[in-house]
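Novice: The structure is given below, and queries will be raised subsequently.
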Amino acid sequence: MTTAALVRPQVRTMTARDRCDRCRAQGYVITFITGLPLTWCKHHFEEHEPKLLAVAGIVRDERDWINGPPSHADEGHIERGHE
Ligand SMILES: [Zn+2]
């Protein structure tokens, strides 16, 4: 179980200027751990996802926007896009 709130925004707030804190690739996920925002690319977020969801208070997940605006983002389950 996780207590992290997974936020799936309908409006993209991250931009191409948001960069992964690990590899400087474009960031799609922000986690807030003890109030500090950390930006993750898709690759690094998914690599650490179980741990991050366990410790992060809020996860802002904009991976749906990698290929454009999400069309069915509110169906109650996480859809994995094609790589
Ligand atoms: Zn990265």
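Novice: Which ones in segment 1-37 are touching a Ser or Thr at 6+ places or on another chain (Cβ under 7 Å) and among the β-branched types (Val, Ile, Thr)?
Specialist: The first filter runs over segment 1-37 and keeps only residues touching a Ser or Thr at 6+ places or on another chain (Cβ under 7 Å), leaving 18-21, 27, 30.
Within segment 1-37, just Ile30 meets the criteria.
Novice: Sticking with this structure for a sec: Applying the selection to segment 1-40, what residues are of a type in the set (Lys, Arg) and out of contact with any strand residue (DSSP E or B) (no Cβ under 8 Å at 6 or more places or on another chain)?
Specialist: Of everything in segment 1-40, those that are of a type in the set (Lys, Arg) and out of contact with any strand residue (DSSP E or B) (no Cβ under 8 Å at 6 or more places or on another chain) turn out to be Arg12, Arg17, Arg24.
Novice: Select from segment 7-33 the residues that are closer than 12 Å to Val59 by Cα, away from the ligand (no atom under 14 Å from the Cβ) and free of Cβ contacts under 8 Å to residues at least 60 places away in the same chain and list them in ascending order. Before you say what the answer is, go through the steps one by one.
Specialist: Narrowing segment 7-33 to residues closer than 12 Å to Val59 by Cα: 7-9, 28-33.
The next check asks that each one be away from the ligand (no atom under 14 Å from the Cβ); those that pass are 7-9, 32-33.
The answer is Val7, Pro9, Phe32, Ile33.
Since every read-out is calculated from the coordinates, none of them should be taken as a lab result. Given the structure is predicted, the values throughout are model-derived calculations rather than measurements. Positions of Cβ are backbone-derived with ideal geometry, glycine not excepted, and every protein chain shown enters the neighbour counts.
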